[in-house]
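Have a look at the structure below before the remarks.
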Amino acid sequence: AARSAPRYLEGLNPEQSRAVETVEGPVLVLAGAGTGKTRVLTTRIAHILGQGLAWPSQVLAVTFTNKAAREMKERIGVLVGGAVEGMPWLGTFHSIGVKILRKHAELVGLKSDFTILDTDDQIRLIKQLIQAEGIDDKRWPARTFAHLMDSWKNKGWGPGDIPEGDARAFANGKGRELFTAYQDRLRTLNAADFGDLLCHPIRILKNHPDVLAEYHAKFKYILVDEYQDTNIAQYMWLRLLSQRPKGRPANICCVGDDDQSIYGWRGAEVDNILRFEKDFPGAAVIKLERNYRSTAHILGAAAHLISHNEDRLGKTLFTDEADIDDPKVQVHAAWDSEEEARAIGEVIERLYSDQNDLNEMAILVRASFQMREFEERFIKSGINYRVIGGPRFYERLEIRDAMAFFRVVCQPADDLAFERIINVPKRGLGDASVRLIHDYARRKDIPMLAASAELIESTELKPKPRAALREVVLNFERWANALENTEHTELAETILEESGYTGMWQADRSAEAPGRLENLKELITSMSEFESLRSFLEHVSLVMDVEQNPDDDKVSIMTLHAAKGLEFKTVFLPGFEEGLFPHQRSLDEGGRNGLEEERRLAYVGLTRAKINCHIWFVSNRRIHGLWQSTIPSRFLDELPTTHVDVADPPSGYGGGNGGYGQSRFDKAEPFQNTYSTPGWARAQANKTDATRNNWGSRSGANVERIGYGETDSRRGAGRGSI
Ligand code: ATP
Ligand code: MG
């Protein structure tokens with residue numbers, strides 16, 4: 001008798017079922033937004049486990065963010081009825097990389113308790129090296145080198161691999177030397193940076209066939225979400241794991257969408273997706289064409305927008321017929337970003353009072369600086385919100401200080417952490433003392449804490465600093481001894497008390513001090529979820545997209561980059577202005593590719609919405625403290641009129657004062673008319689002729705001049721990447 005299909009397969013369309021059930025051999029699912037790619041992956045894992053094809057520990061599943069990994073784990077649990085005993089190998093490339101590296105650290109000259117360096121530590125370290133080389137670090141900033149090294153590591157390169165031209169690009173040819181010195185220094189510190197979390201495992205798998213064979217045997221199934229955004233290093237990594245020297249290739253399933261490739265600036269190669277069929281001859285390539293997420297209006301708008309890109313594979317996407325009640329995509333104008341935030345806040349409040357969950361709303365910004373305005377507004381009007389993937393809690397000064405104490409306790413060789421807090425609170429160990437300790441440590445090639453322990457027995461330091469240092473050394477000794485047999489939250493609290501750190505903020509009369517103390521409390525609280533101080537430290541270095549109260553009803557604020565893969569009933573897209581979106585830097589650095597990547601980002605933004613999609617632009621924006629007139633994004637002009645409504649202009653802007661009076665926002669003049677104005681289209685195509693544009697501001701400022709600040713926290717979504 002035919003067995004009835006398992007529950008989890010119910011409701012899948014035929015292509016989705018095929019992608020789920022084709023578990024043998026390589027499978028590529030190439031499909032547009034909202035077609036169920038992630039759902040296919042999740043169901044596929046449920047299928048593999050449900051059918052007993054593998055143990056959870058034999059499935060390697062890569063997601064783009066930690067948040068996505070958590071959600072996937074939950075969903076699998078639901079599908080297979082809660083029977084999933086953990087999925088140790090479900091995570092981001094980086095979190096899986098850490099695991100592999102901890103196991104085989106000695107193969108690349110590290111110990112398994114190595115520290116993961118964060119950006120700040122990394123910059124400080126590079127700066128020291130640059131100065132030690134006698135290079136002018138004003139001319140050759142540490143940040144530039146960090147960036148350069150990152151791009152090398154994204155390609156899987158070590159110091160020996162970089163081409164001559166690349167090596168010459170920094171400090172008159174000192175690039176390779178610095179890179180080597182940096183890696184040596186990391187080894188001495190027993191530390192790895194984020195790039196190493198990818199590159200070291202590659203080296204291990206490449207140079208040690210026995211280890212590679214071990215993982216070949218281990219991972220029966222490999223699954224990768226958001227495959228279009230893998231970089232070369234990640235690609236190499238997957239190839240090593242999936243291409244067996246003899247016999248059939250691994251059971252690997254990658255899903256992705258070339259139209260959503262938005263990490264080119266971080267080294268992602270959309271070509272990886274195109275290469276899949278070459279790498280895996282005979283791979284099953286499955287297309288999904290039905291979008292389950294968005295209304296026909298949203299999909300129509302997004303599809304039309306992305307059709308302006310030349311460089312794409314081209315895919316069909318359809319959804320149910322438009323419902324007469326479905327709202328079109330709404331385009332709104334505001335005077336400046338403050339008004340934009342206020343107006344969006346008002347829409348949110350209206351939706352909220354109509355029984356809409358805040359959890360179902362998101363504000364997706366192009367650049368993180370845009371967030372502040374919303375945060376301020378929402379705090380003022382009492383709208384609950386959360387910032388996802390941003391530099392927040394764990395990046396605060398007091399949190400970083402506290403973490404530095406914990407790091408030294410867990411990992412006494414962590415000089416960077418030690419240097420950060422040796423004189424915090426101030427205890428008379430000034431620069432001169434620190435330099436002395438530093439030099440002594442370098443001379444004897446030992447960590448600074450060990451050097452300190454020796455120095456307090458000698459007379460090299462003056463009595464006062466020596467006494468202060470003695471206390472530091474004894475403190476760390478005592479805390480380290482307590483590590484194994486004290487509850488870690490208790491120990492953490494003790495450390496902050498006994499070091500005088502908590503007291504320092506209690507004595508501080510500044511306005512921020514109470515908040516900092518609250519944050520320190522929150523830090524201890526958040527630690528209780530973890531088994532040990534070590535596992536907590538690891539979690540923090542990996543995860544930047546933690547939320548404090550995931551259950552509360554809150555509006556989400558995040559960058560477009562961080563929004564990949566997510567969906568919300570209502571999505572707000574502020575800042576559709578030339579220079580901001582598309583971002584000027586992408587245009588300057590990337591030319592047409594840059595513009596196309598920006599357009600894909602807009603496509604990602606629109607396709608996050610299930611029902612309501614609100615786009616905003618302002619005519620004045622303050623950038624680096626200076627007011628600039630702005631002109632509306634060319635992307636607005638690339639939206640099809642059939643799916644877009646232009647909302648009423650805000651009160652007071654309708655007059656004939658050169659504002660929106662003659663534009664699309666004049667209600668007497670239908671939206672379509674503006675589209676058919678040839679001058680308008682040309683003005684949009686040629687942005688130097690800003691004055692022709694009659695959407696925006698009075699002056700028609702030359703936007704080319706505007707340089708926006710840093711946009712996305714590289715480690716936001718990213719680090720989800722992590
Ligand atoms: P993106 O490209 O944005 O990552 P995706 O292709 O991964 O999108 P999913 O997030 O997996 O798409 O699915 C989009 C939405 O459609 C989800 O809410 C999902 O539950 C729903 N969905 C997918 N397949 C089906 C189906 N067969 N029946 C009903 N709903 C579905
Ligand atoms: Mg997805």
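The values are calculated or read from the model by the stated rules, or taken from the named source; none is laboratory data. If you're wondering where the values come from, they're calculated on a predicted model, not measured in any experiment. Every residue, glycine as well, gets a Cβ built from its backbone with ideal geometry; the counts of neighbours run over all protein chains shown.
Taking the criterion of being under 14 Å from Cys199 (Cα atoms) and touching a Lys or Arg at 6+ places or on another chain (Cβ under 8 Å), the residues of the stretch 108-131 that qualify are Val108, Gly109, Leu110. Restricting the stretch 128-141 to residues that are in contact with a Leu (Cβ under 8 Å, 6 or more places away or on another chain) and assigned to a helix (DSSP H, G or I), the residue that is surrounded by the most Cβ atoms within 10 Å (Cβ to Cβ) is Ile130.
Once the stretch 34-65 is narrowed to residues that are more than 16 Å from ligand 1 (Cβ to nearest atom) and assigned to a helix (DSSP H, G or I), the residue that is farthest from Leu560 (Cα to Cα) is Gly50. For the stretch 70-90, indicate whether the set of residues that are β-branched (Val, Ile, Thr), under 17 Å from the mean Cα position of the chain (by Cα) and either in a helix (DSSP H, G or I) or surrounded by fewer than 20 Cβ atoms within 10 Å (Cβ to Cβ) (or both) is non-empty. No: the stretch 70-90 contains no residue that is β-branched (Val, Ile, Thr), under 17 Å from the mean Cα position of the chain (by Cα) and either in a helix (DSSP H, G or I) or surrounded by fewer than 20 Cβ atoms within 10 Å (Cβ to Cβ) (or both). Scanning the stretch 403-438 for residues that are part of a helix (DSSP H, G or I) and out of contact with any helix residue (DSSP H, G or I) (no Cβ under 6 Å at 6 or more places or on another chain) yields a total of 8. Here Glu484 meets the list (1) assigned to a helix (DSSP H, G or I); (2) surrounded by fewer than 17 Cβ atoms within 10 Å (Cβ to Cβ) almost entirely, failing just condition (1).
Filter the stretch 163-181 down to the residues that are buried (at least 20 other Cβ atoms within 10 Å of the Cβ) and either aromatic (Phe, Trp, Tyr) or in a loop (DSSP other than H, G, I, E, B) (or both) and list them by number. Residues satisfying the conditions are Phe170, Phe179.
Results for (1) aliphatic (A, V, I, L, M); (2) crowded, with 17+ Cβ neighbours inside 10 Å, shown as yes or no for each residue.
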| residue | (1), (2) |
| --- | --- |
| Met236 | yes, yes |
| Arg248 | no, no |
| Asn251 | no, yes |
| Asn291 | no, yes |
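Any residue at all in the stretch 516-523 that's crowded, with 18+ Cβ neighbours inside 10 Å and at pLDDT 90 or above? No: the stretch 516-523 contains no residue that is crowded, with 18+ Cβ neighbours inside 10 Å and at pLDDT 90 or above. Annotation note: Cβ proximity below 8 Å between a residue of the stretch 33-59 that is over 24 Å from Tyr215 (Cβ atoms) and a residue that is of a type in the set (Val, Ile, Thr) and near ligand 2 (Cβ under 9 Å from one of its atoms) (sequence gap 6+ or interchain) occurs for Lys37/Val255; Thr38/Val255; Val40/Val255.
Tyr227 falls short of the stated requirement of being of a type in the set (Phe, Trp, Tyr), modelled with pLDDT under 90 and within 16 Å of ligand 2 (Cβ to nearest atom).
Checked against the criterion of being surrounded by fewer than 21 Cβ atoms within 10 Å (Cβ to Cβ), touching a residue at least 60 places away in the same chain (Cβ under 8 Å) and farther than 28 Å from Ser261 by Cα, the candidates Asp325, Asp354, Asp336 yield just one match: Asp336. Kindly indicate the residue of the stretch 1-14 that is part of a loop (DSSP other than H, G, I, E, B), within 14 Å of ligand 1 (Cβ to nearest atom) and free of Cβ contacts under 8 Å to residues at least 60 places away in the same chain and also surrounded by the most Cβ atoms within 10 Å (Cβ to Cβ) among those meeting that condition. Per the criteria, the residue is Leu12. Candidates are the residues of the stretch 15-42 that are within 19 Å of Asn291 (Cβ to Cβ), hydroxyl-bearing (Ser, Thr, Tyr) and surrounded by fewer than 24 Cβ atoms within 10 Å (Cβ to Cβ); the one that is nearest to ligand 2 (Cβ to nearest atom) is Thr38. Within the stretch 216-230, can you find the residues that are touching a residue at least 40 places away in the same chain (Cβ under 8 Å) and either in a helix (DSSP H, G or I) or in the same structural domain as Asp415 (by TED's automatic domain parsing) (or both)? Correct list: Lys218, Tyr227, Gln228, Asp229.
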